[in-house]
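Comments concern the structure below.
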Amino acid sequence: MATTTPATRPANPRFSSGPCAKPASWTLNDLADASLGRSHRAAVGKAKLKAAIENTREILGIPTDYKIGIVPASDTGAMEMAMWSLLGERPAEMVAWESFGAGWVTDVLKQLKIEANVRTAEYGEIVDMTAVDYNKDVVFTWNGTTSGVRMPNGDAIPADREGLTICDATSAAFAMDLPWDKLDVTTFSWQKVLGGEAAHGMLILSPRAVERLENYTPSWPLPKIFRLTKGGKLIDGIFSGETINTPSMLCVEDYLVALEWSKKQGGLKGLIARADANTAEISKFVETHDWIEFLAADPAIRSTTSVCVKFTDARIKDGAVFAKAVAKRLENEGVALDIGAYRDAPAGLRIWCGGTIEASDVAALMPWLDWAFNAEIAAQ
């Protein structure tokens, strides 16, 4: 039982699940080369945008025949653009196991109003992906940012599928090994695993997705900001650095800095190892304390980025009140910021463990979590 405050504090208390912490080495001076006050369509601007695309391809191992575009409105904008542009050619399978996946279900059923089968799982669990009909278009999240679960792999997705797979990978990209041959559309945002700035999304299209875009026109009108084709052909400039609307070149520079930092960590393998090491620190703590558990009971589907835990002590009178009080104590001490569970998720804590977090900071946080739990139990 921790009755006194621990002596060691995390060097960086930022464990938010989005926007996420920047690398420990990051400084504002890193952005000195940003192309500010210049058109993003000038040669220097287009070169930086193209570099962001190609460095993303290199680090994530995205096939050369896949298209990568920078689009507005973060991961949400990229997902909406994909769904509004691609869905409706055939029925859909909507798969959800947390808040954001549930949001995509709502959009398809209530806004696009297309024929769709909905498969859901409770927080901390995932849908049986082997039961999904891949002759339909399948929309799902790879990692449940609000539920602490992830796809263990893409084995359930057949190579000879007729439908498209549309994957929201915003808290998985740069932390998990995504099987590109199983993903036709993939989206993520800069402010997640690499700790970039918000408002920009990435849209990655397989050749199958491009073929759908060029041979199918949705029955509903498409806002200009969603249009990926012109005259029945893909607007290829979007995927070479000519963005649909004006991007922040300061944010672009920040993303480029994060990508270069990623290379120094060993690329994707290094980033995965860092996330695994961070999560291991929490696992060691959970294994030795009987009042806390992972929200995801099955280690095979447990997220290594948005790690969700719950309090299980029988003395707790109100789980939501207790969890919020623990999070508040840690925030007041300046050792952990923004680690409360997502508003729609079960009561508990959510600790970001992506690659920009240092394992030493996660290790330093654990005694403080012990202290805050016991302090709150005593205060009941």
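Overview of results
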item: Unmet requirement for I225, which otherwise passes all of (1) within 14 Å of A82 (Cβ to Cβ); (2) open to solvent by less than 10 Å² (accessible area, probe 1.4 Å); result: (2)
item: One residue from A363, A345, A296, A273 being more than 30 Å from R57 (Cβ to Cβ) and outside any loop (DSSP other than H, G, I, E, B); result: A363
item: Residue in the range 146-156 that is over 19 Å from S303 (Cα atoms) and not charged (D, E, K, R) present; result: no
item: Residue within the range 33-45 that is assigned to a loop (DSSP other than H, G, I, E, B), among the acidic types (D, E) and touching a Gly at 6+ places or on another chain (Cβ under 6 Å) present; result: no
item: Selection count where residues are out of contact with any Leu (no Cβ under 9 Å at 6 or more places or on another chain) and either among the aliphatic types (A, V, I, L, M) or over 13 Å from F15 (Cα atoms) (or both), scope the range 343-359; result: 5
item: Boolean, K233 is of a type outside the set (F, W, Y), farther than 30 Å from M366 by Cβ and modelled with pLDDT under 95; result: no
item: W352 vs. criteria touching a residue at least 12 places away in the same chain (Cβ under 8 Å) and farther than 21 Å from S99 by Cβ; result: no
item: Residue in the range 108-117 that is part of a strand (DSSP E or B), over 26 Å from R274 (Cβ atoms) and open to solvent by 10 Å² or more (accessible area, probe 1.4 Å) present; result: yes
item: Top-ranked residue of the range 299-317 - restricted to ones that are surrounded by 13 or more Cβ atoms within 10 Å (Cβ to Cβ) and not in a strand (DSSP E or B), ranked as nearest to the chain's Cα centre (by Cα); result: T305
item: Qualifying position, being open to solvent by 30 Å² or more (accessible area, probe 1.4 Å) and over 19 Å from M176 (Cα atoms), among S85, S39; result: S39
item: Residues of the range 121-150 satisfying the condition of being assigned to a strand (DSSP E or B) and either in contact (Cβ under 8 Å) with a residue 60 or more places away in the chain or exposed (fewer than 15 other Cβ atoms within 10 Å of the Cβ) (or both); result: N143, G144, V149, R150
item: When residues of the range 329-342 are limited to those that are within 13 Å of W371 (Cβ to Cβ) and part of a loop (DSSP other than H, G, I, E, B), the one farthest from the chain's Cα centre (by Cα); result: E333
item: Boolean, R57 is surrounded by fewer than 22 Cβ atoms within 10 Å (Cβ to Cβ), charged (D, E, K, R) and touching an Asp or Glu at 6+ places or on another chain (Cβ under 7 Å); result: no
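Okay, residues lined up against (1) more than 21 Å from the chain's Cα centre (by Cα); (2) outside any loop (DSSP other than H, G, I, E, B):
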residue: P152; (1), (2): no, no
residue: E162; (1), (2): yes, no
residue: T170; (1), (2): no, no
residue: L194; (1), (2): no, no
residue: I204; (1), (2): no, yes
residue: S219; (1), (2): yes, no
residue: G237; (1), (2): yes, yes
residue: T246; (1), (2): yes, no
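The values are calculated or read from the model by the stated rules, or taken from the named source; none is laboratory data. A quick note: this is a predicted structure, and the numbers were derived from the prediction, not measured. We place every Cβ from the backbone using ideal geometry, glycine too, and count neighbours over all the protein chains shown. These accessible areas exclude ligands, DNA and RNA; they are computed on the full protein's heavy atoms, side chains included. Shrake-Rupley method; radii C 1.70, N 1.55, O 1.52, S 1.80 Å.
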